[in-house]
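Derivation of every value follows stated rules applied to the coordinates shown; laboratory data play no part. Not measured: the values here are computed from a predicted model. Here the Cβ is made from the backbone with ideal geometry for all residues, glycine too, and neighbour counts use every protein chain on show.
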Amino acid sequence: MSADGTVKDEIAVPPRGPGRRKSRSETHPLVVIGLSFVTAIVVGGLLIAVTNQPTRNAARHFSSSPGKVFSSAWHAVSAAYIALFEGGVFDPHTFGHGNVWHDFSPLSETLYNATPLILVGLCVGLAFRTGLFNIGAQGQLILGATAAGYVGFTWHLPPVIHLVVALIVGVVAGAVWGGIAGYLKARSGAHEVITTIMMNYVALDLLNYALKTTAFRRPGSNQAISPIVHGTARLGKLLPSPLRVNLGLLIAVAATVGVAWLLTRSRLGFTLRAVGASPTAARTAGMNVGRTYVTSMVIAGGLAGLAGCSQILGGGTNYALTNAVDAGLGFDGITVALLGRAKPWPTVWAGLLFGALRAGSATMQSRTGTSIDLVTIVQSLVVLFIAAPAFVRAVFRLRNASDSGAAALAKGWNG
Amino acid sequence: MSVDTTGSLEIATPEIVEVPASRRARIVSGSVLIVVGVLCAVAFGLGSKAGHDARFRLSPPGAKYTMPNLVVPARIFALVVGIAIAAAGFWRIKKDFSNRAMKWVIALTILFVVSSFLCWSLTGKSATPLDLFGSGGLLGQTIFLAVPLILGALAGVMCERSGVINVAIEGQMLVGAFAGAMFGTISKNAAVGTIAGMLAGAVIAAVLAVFAIKYVVNQVVLGVVLNLLALGLTGFLYDAVMAPNSNSYNNVGTLSVLKIPLLGNIPIIGPLLFDQTIIVYLTYVLIFAVDILLFRTRWGLRTRAVGEHPKAADTVGINVRRTRYINVLIGGMLAGLAGATLTVGDSSGFVKNMTGGRGFIALAAVIFGRWSPRGAVGAALLFGFATSLQTVLSFIGTPVQIPSDLLGMLPYLATIFAVAGLVGRVRAPAADGEPYEGR
């Protein structure tokens, strides 16, 4: 409790179980999410239209032919979004040409991109449920990928064992990195946001350093890139090559089942949620809050480490370690967790959705020249809007627009 | 500046009451000093070649009054420094220093350990003296690298003192850098670019303010999301507008160096401090302005009251939300300016994600500097020095190869140690990050 009596132990994403729903009629969360998407897509479309060269050329003659501006803008926007859809879901251009498996190429890419996003989303979400904001998924992922990669390209082990060992090492590395932040929080109250941000950069520097050492540097290369992970340590593909969806997806689903079970069915999960709801109450009830923070961060770090494994062992950077192994997943995963409201299965759907955006963005860029950064814009806007349901309701004049969204009460550095 | 007429209402800044360090703390900190001293003496003293001198150039070429090079016998220097530090450690355990004296001991320890490290590193092979104060020298580069960090940190201090967490410094800097490059090129005027950068930073800050203050969104979540938004926006606009036409949109002119008459001729500090671009001078002014604003004006008193105890501030008639809005906007402008220094101030074009984590180092400087402008500036200078040292070490051949990436971790590790209470506890403004539900 803070000095002025406000409860500040509320987590960022309030659990919205049936017990919590207010009796008065409230806009359904899915409606808010849908409207957030629409708004974000519209904003993205406006950006495409405004920056589109033919549209800008047409705008110079706006007074003589105003219709041309709009048709040109509409053409640019629709072409970009259609390509985005075709790259992520279904592509009529390649459908039915040759190999049947190629018809699934967009879906495979979506699932492939969703795999690490789901894992990072689970990582961030689990920490959220314990009242911790883990911004350090990036660092934990990097450590996991580095450790798993090292095992993958240095050791020689029999096929299945090699993969399992690499996965375990990656998970442990991520868990240790996450656990440090949890330990610091438990021991000294150091705010996890600060420590995890800093540890992201420490991890990145460690990786950069490692890539200069003989242990990690690819022989004969003067670039910061490691050798290639041996075939025995790679995550097996689920569909015939070149489709990239791999065992990592099954691991992500298994992790979701595990986290869902942990949170709702296990004693530990109850403790995690109790600490997340109110550390003070949990402490009064005899729970060891500090140890719970460490446990939560260890598990979260392990999940991020697993995401790192899926990057390096699943071919994210062509099975070689570079300093781009994170690929922005650490922060995209935060948006996945926020969209999934820190719950395991919604996180999977959020991961699939953003995975589809990631998959489609490559097609969109190659076919229409629209920058892949559009996806980052859409993604961040969606999360920005759903974080403030009151804003969306106010924009669309929905009921309860006066509700200030106090449920999403923030907590400060000293919290 | 107006004399504080509300003196009777002065809310004291959280001053820690002098408590003698506990026995355990004394033994721990004393032992750390002894270990540091011994390590310094052994590694930099015995580790450097006997008879080798470290040479430092004190006057950059073209200085009006030249000074002879400074020559330091590296081994003797490091040995003396190491023994002195170890002695201070013993003193700490046996007799203890006052808290004030201990701060000096720590500061001098860091200063001398770094100096002996530098002397040691110069005994490797380089015969050319190390330039210290020139614009490309170790300390000159420190100032250059620290300017965006200082401005970003001041932005953080402004926001967080009023109770709004600003994790979006990085994003504000990024849009500032983008807008600076874009409008600086279009207008062919550095000043226009700088102002555009400040306004762009303020736009992101406005979103931060509205969502944090009006819609009560978790401010850390908000900051993270806004960083992503800024990254996406600048990346998208770069691809769509800038990259195809970089000559007409991403080609800022060079910002000329202005030497201040008289001051610029002072030996040593003249070329270091007063032979810089206008952005650096602007930074000097802003450092003093923010410090005075926060601690010597009515507005600052109100800001700090709002950041510490909004309800109390509201009770005496301060408009909490308005105060926060304005502070966040000022912060956004400072962060945007910090970004503009990277393009306009450096006479270089925009590239995607060009801030590269500087906003987070600035945030670290805010925290490391204990949310005070002076502390934040000091921390930013320290972090700038670490970066400058990184580049300098990479081209002087040190006796033993120093991995520059490990050196790059120092700011982050220092901040972790600071928040974990290993070098004295840091404490945020009491209401930092807590939305005010009142009016």
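For chain A, the number of Lys pairs with C-alpha atoms closer than 22 Å, counting only pairs eight or more positions apart or on separate chains, is 7.
Charging the Cβ of each Asp and Glu at -1 and of each Lys and Arg at +1, and nothing else, the dipole of the stretch B:23-131 about its Cα centre rounds to 400 debye. Run the helix sum for chain B: -39,500 (n - 2.57) per DSSP H stretch of 4+ residues, divided by residue count, reported at 222 nm to the nearest 500 deg cm²/dmol. For chain B, the value works out to -19500 deg cm²/dmol.
Spatially, the stretch B:331-351 and the stretch A:225-251 are offset by 42 Å when compared through their Cα centroids. Between the amide H of B:A54 and those of B:V72, B:A74, distances stay under 5 Å, these residues lying 5 or more places away or on another chain, with hydrogens modeled in the peptide plane.
Label-to-label distance, A:K68 versus A:I82, with points set 7 angstrom from Cα along the beta-carbon direction: 2.2 nm. Cβ crowding within 10 Å ranks A:D205, B:D291 as B:D291, A:D205, fewest other Cβ atoms first.
When each full DSSP H helix of chain A is screened for a Cα extent of at least 20 Å along its own axis and an average Kyte-Doolittle hydropathy of at least 0.5, the helices passing are A:29-51, A:66-88, A:105-129, A:137-154, A:159-188, A:192-210, A:247-265, A:289-312, A:373-387.
If the label point is 7 Å along Cα→Cβ of A:L238, which residues in the stretch A:333-355 have backbone nitrogen under 17 Å from it? Backbone N within reach: A:345-355. A cut-off of 5 Å between modelled amide H atoms, ignoring neighbours fewer than 5 places along the same chain, links B:Q276 with B:L258, B:I260. Using equal-weight Cα scatterers in the Debye expression, the normalised intensity of the stretch B:138-419 in log10 at q = 0.10, 0.17 Å⁻¹ is -0.52, -1.35. Each of A:A190, A:G220, A:I168 was scored by the projection of its Cα onto the charge dipole of the stretch A:151-236, and the greatest displacement toward the positive side belongs to A:G220; charges sit on the C-beta of Lys, Arg, Asp and Glu.
In this label model, A:R187 and B:S394 are separated by 3.3 nm, measuring between points 7 Å along each Cα→Cβ vector.
Figure legend: label point modelled 7 angstrom from the Cα of A:T213 along Cα→Cβ; residues of the stretch B:402-417 with amide N under 16 Å from it are B:402-409.
Electrostatic tally near B:G136: other residues with Cβ closer than 15 Å to its Cβ, Lys and Arg +1, Asp and Glu -1, net -2.
Take each peptide in B:299-305, A:349-355, B:145-151, A:262-268, count the other Cβ atoms within 10 Å of every residue, and average; sorted highest first, the result is B:145-151, A:349-355, B:299-305, A:262-268. Fewest-first ordering of A:M198, B:M173, B:M198 by other beta carbons within 10 Å of each residue's beta carbon gives B:M198, A:M198, B:M173. As a size descriptor, the averaged projected area of the C-alpha convex hull of the stretch B:23-131 was calculated at 7.8 nm². The slack in the chain from A:F396 to A:I168, taken as 0.36 nm per residue of separation less the alpha-carbon distance, amounts to 77.3 nm. Dipole magnitude for the stretch B:301-401: about 400 debye, using +1 per Lys or Arg Cβ and -1 per Asp or Glu Cβ, origin at the Cα centre.
Among B:A431, B:V419, B:F360, flag the residue with its Cα farthest along the positive direction of the charge dipole of the stretch B:355-439, charges on Cβ as +1 for Lys/Arg and -1 for Asp/Glu. Going by the charge dipole, the pick is B:A431. In this label model, B:K49 and A:R267 are separated by 6.7 nm, measuring between points 7 Å along each Cα→Cβ vector. Our helix-only sum for chain A, with -39,500 (n - 2.57) per DSSP H run of n ≥ 4 divided by its residues, gives a mean residue ellipticity at 222 nm of -21500 deg cm²/dmol.
When chain A is treated as a Gaussian network with alpha carbon springs shorter than 10 Å, the biggest mean-square fluctuation among A:P279, A:P158, A:P116 belongs to A:P158. Per-residue extension of 0.36 nm, minus the Cα-Cα distance of B:V80 and B:L199, leaves a gain of 37.6 nm for this segment. Loop-resident chymotrypsin sites (Phe, Trp or Tyr not before Pro) (DSSP state other than H, G, I, E or B) in the stretch A:81-164 with no more than 16 further Cβ atoms inside 10 Å of their Cβ: A:F90, A:F95, A:W155. With only Cα atoms counted, the stretch A:29-408 has Rg and Dmax values of 22.4, 76 Å.
Per-residue extension of 0.36 nm, minus the Cα-Cα distance of A:W349 and A:Q223, leaves a gain of 41.6 nm for this segment.
For the stretch A:257-407, the relative contact order works out to 11 percent when only alpha carbon pairs closer than 8 Å and six or more residues apart are counted. Here, the protein assembly as shown is characterised by an Rg to Rh ratio of 0.97, where Rg is the alpha-carbon radius of gyration and Rh the Kirkwood radius. Given R0 = 25 Å, the distance between the Cβ atoms of B:I278 and B:A243 translates into a calculated FRET efficiency of 0.30. For the pair A:R56 and B:I326, a Förster radius of 25 Å applied to the C-beta separation gives a FRET efficiency near 0.10, rounded to the nearest 0.05. Looking at chain B, the DSSP beta bridges with both ends there are about 70 percent antiparallel.
Between B:S135 and A:L250, what's the calculated FRET efficiency when r is the beta-carbon distance and R0 is 60 Å? Round to 0.05. Working shown, then result.
Numbers: r = 58 Å, r/R0 = 0.96.
My answer for the efficiency is 0.55.
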